[in-house]
Structure formats: structure tokens, C-alpha cells
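Participant: Quick one: this structure, given as C-alpha cells, is what I'll be asking you about.
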Amino acid sequence: MSLNTFGHLFRVTTWGESHGPAIGCTVDGCPPGVALTEADIQPWLDRRKPGQNKYTTQRKEPDEVRILSGVYEGRTTGTPIQLMIENTDQRSKDYGDIAQSFRPGHADISYHQKYGIRDPRGGGRSSARETASRVAAGGVARAALKALVPGLTITGYMVQMGVMGIDRSRFDAAQIDQNPFWVPDAQAAVEWAAYLDDLRLSHNSVGAIIEVVADGVPPGLGAPIYGKLDSDLASAMMSINAVKGVEIGEGMASAALTGVENADEIRMGPNGPEYLSNHAGGILGGISTGQQVVCRFAVKPTSSILTPRRTITRGGDETDLITKGRHDPCVGIRAVPVGEAMMACVILDHLLLDRGQTGGIRGQIG
């Protein structure tokens, strides 16, 4: 299987299957001299790991990361960084019934049609377990960004679960880490809990929308045509398991705006240009403006549910299938730290590309 690598200069290759002995990634292109230990990466994995509450899969994985190469005495060497996370709580027997049948909504049938062979134990490479490797790589990217752009922050949160959305007038960033849904709205967290409980108990699942915001991104990252910052962000987010839609700034809603409403007007401030709005999501012509970079992505409902669904077997026979195992009733919950990681990787990649092309030189205004 090819195409397991993303990035231009900061390149990440993920490897491993959900029910194999381990998963991990190789990170190439990280600048040398960046302070990095397992302790810098582990907190991000802890935010994503399964089994933390009743609203996520009850698979119990410590997700402890090991650095196998690329770091010496707590500093990156500029050589490939190899990261490994052992799988310790596989239950492959849960998937015995699906070895010969295709789970509706899963990649089982498309993998079989393409490769003629697949690993049926938990989905193999198509499992969301693969995203732990991305979060580990994102931890490396955050460490490098901390050294190169100290004021840059990346924050993800859920803005919608099924038909339930947040009230932005109640937006409170302090609430994001205070509830199991990463939602910046204390009242919404209570309502969503009841909503998801009903779905979970009825053997159903639901989708979600996650918003990821990067603050402190310097202007000038990206390129006008084939190296757009927003196109690489869209590609990175769309590559996350179960993501079916991505938008930057106003995104699809911009189609309903007029030109007068959509244009982000500019004034000159004491420290440079100041924008009066951010419909563009911090990116114009594929290049960052210095505003917040705002990206949202939609995650489909978990396809693994205990409600029977109609399908076919490898032999072409029709059957009904219940997908057993331990699955998230809303996989979007654990997608929040994954989205943050992909944002970190893309921004660092473009920062390194910009340094190589322009050396950080900027056009002067005022």
C-alpha cells in the first residue's frame, strides 16, 4: 500500500494496523536542536486515547509513546524521528463475524475491490487507531513551533454534534477541557450528554463538526497556486478517518454572502494591518494574513453500530450484519486532538517551506 506519507519538508509517514503489535510514525524534516522528549508528546496522546469516559470506545490503551531515533540528549538531531506506540488491548475475536462480510459505511468493500486482500481485525489501516500516530507527530510539530514561533497556539473544539450546535454567544474557551466533548459551551455540554446517551443506548451513533483555530500564525505562509496553505490544510483534515467535509473561514456559508459582507476590510494599526473581520479564515490567495487560521471539518457517524444493517458477503450473498466490538458513539469527540495535530504539522511544514524560499523576508507596509 502506497501513499502513507504527508507533508513537503516536514514529512510524516504512519505505519501499523489497529490490531497489530504496534503503530507509529517516522517524522522526517524536523529542524535540529529542538527540545524533545516523550514527555513533550505524551500529553497530546493522553487527550486522544480511548476509554476516558462512557462516550468513547472502551478499548483501554495507554498510548505510551517511545522515541526510537532522531533525538540525542533531549534535542532533535535533524535525522528521522521514529515514534512507536504499542497496541495492548486488541480483541481481534470481536471481528471474526465480519471476515467474510462487508460492514456498511466502512472501507471493507473498497479495500477488497482495490487490493483483493484486507486485514479485517478492527479495520486494519482504515481504523481510527491510526490517528494516534498523527497525534504523536503533531507533538513533534508543536515542539518545533514552540521554538520557532513561541506565541503560536492551536486550539480545537466541537461546534456541532448531530443536530446540536453551540451558541457562540456563550463561547467560553475555559470550558473546552472541562467536559468530555471539548465543547466551549457549558450548557451545550449538558444537553449533548443527554442527546448522546439516548443515541448510545439505542445502538446508534452520530456525526460532529470540529473547529480548529491557529492563533499567532505569521503572515506569508503558503503559496498562490499549488502550495496553498488552505489546500494543504483541507487535504490534511480530509485525510483523517471518517472526515467527509472541510471548510476554511466562512467556508460553504460564504456562498450566501454578498461581496460587501464577505470582504475583510483593513485598517492600519500601530503594529501593522488590522482586519475588521475574518471571513477568509486567515488565508487569502493561499497565503496566511496573520489573522487566526480557522478550519472546520465534518466527521460522519460511526459506522460500527449494534443495529443490524443490510450488506453482502465476499461471495455475493445478501446478509444482515451487526458490528460488534468497542466503538465510539461519536467518533468526532476524539477527532479534536487529531485535527489539532494536523494543523500543527501543516503550519510547521509551511513555515519551513517559507524559510527555504524567502528566508522570512516580508513586504513592508507603512
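Participant: Touching a residue at least 24 places away in the same chain (Cβ under 8 Å) and within 18 Å of the chain's Cα centre (by Cα) - does that describe any residue in the stretch 305-324?
Facilitator: No, because not a single residue in the stretch 305-324 is touching a residue at least 24 places away in the same chain (Cβ under 8 Å) and within 18 Å of the chain's Cα centre (by Cα).
Participant: Kindly indicate whether Pro337 is buried (at least 21 other Cβ atoms within 10 Å of the Cβ) and modelled with pLDDT under 95.
Facilitator: no
Participant: For residues that are aromatic (Phe, Trp, Tyr) and modelled with pLDDT of 85 or more, scanning just the stretch 79-133, find the one that is surrounded by the fewest Cβ atoms within 10 Å (Cβ to Cβ).
Facilitator: So, considering only residues that are aromatic (Phe, Trp, Tyr) and modelled with pLDDT of 85 or more, the one surrounded by the fewest Cβ atoms within 10 Å (Cβ to Cβ) is Tyr115.
Participant: Here's something else I'd like to know. Would it be correct to say that Asp197 is closer than 24 Å to Gly281 by Cβ and among the charged types (D, E, K, R)?
Facilitator: So Asp197 does not fit the description; no.
Participant: Of all residues being of a type in the set (Lys, Arg) and in a helix (DSSP H, G or I) in the stretch 113-130, which is nearest to the chain's Cα centre (by Cα)? Just the residue, please.
Facilitator: Arg129
Participant: Among the residues that make up the stretch 291-301, is at least one of them within 28 Å of the chain's Cα centre (by Cα), of a type in the set (D, E, K, R) and not in a helix (DSSP H, G or I)?
Facilitator: Yes, the stretch 291-301 contains at least one residue that is within 28 Å of the chain's Cα centre (by Cα), of a type in the set (D, E, K, R) and not in a helix (DSSP H, G or I).
Participant: How do the strands (runs of 3 or more DSSP E) wholly within the stretch 193-284 filter down when requiring 3 or more residues that are free of Cβ contacts under 8 Å to residues at least 60 places away in the same chain: which remain?
Facilitator: Correct list: 243-248, 266-269.
Participant: Still on this structure, I have one more. Can you find a residue that is of a type in the set (Lys, Arg), more than 16 Å from the chain's Cα centre (by Cα) and surrounded by 19 or more Cβ atoms within 10 Å (Cβ to Cβ) anywhere in the stretch 146-165?
Facilitator: no
Participant: Given the conditions (1) at pLDDT 95 or above; (2) crowded, with 20+ Cβ neighbours inside 10 Å; (3) among the hydroxyl-bearing types (Ser, Thr, Tyr), report the number of the one that Ser205 does not fulfil.
Facilitator: Every condition holds for Ser205 apart from (1).
Participant: Within the stretch 321-330, work out how many residues are touching a strand residue (DSSP E or B) at 6+ places or on another chain (Cβ under 6 Å) and open to solvent by 10 Å² or more (accessible area, probe 1.4 Å).
Facilitator: Final tally of qualifying residues: 1.
Participant: Take the residues in the stretch 284-315 that are within 24 Å of Val243 (Cβ to Cβ) and hydroxyl-bearing (Ser, Thr, Tyr); name whichever of them is modelled with the highest pLDDT.
Facilitator: Ser288
Participant: Let me ask something else. Would you point out which residue out of Arg334, Arg362 is in contact with an Asp or Glu (Cβ under 7 Å, 6 or more places away or on another chain) and in contact (Cβ under 8 Å) with a residue 60 or more places away in the chain?
Facilitator: Arg334
Participant: Against the conditions (1) within 22 Å of Val159 (Cα to Cα); (2) at pLDDT 90 or above; (3) open to solvent by 10 Å² or more (accessible area, probe 1.4 Å), where does Glu318 fall short? Just the number, please.
Facilitator: Result: Glu318 fails condition (1) only.
Participant: Output the residues belonging to the stretch 161-187 that are in a helix (DSSP H, G or I) and among the acidic types (Asp, Glu).
Facilitator: Asp177
Participant: Okay, next question. Output the residues belonging to the stretch 340-366 that are at pLDDT below 90 and under 28 Å from Leu199 (Cβ atoms).
Facilitator: Correct list: empty.
The values are calculated or read from the model by the stated rules, or taken from the named source; none is laboratory data. Here the structure is a predicted model, which means the values were calculated and not measured. Backbone-built Cβ (ideal geometry, glycine too); neighbour counts: all protein chains shown. Accessible surface areas use protein heavy atoms only, side chains included; no ligands, DNA or RNA. Shrake-Rupley method; radii C 1.70, N 1.55, O 1.52, S 1.80 Å.
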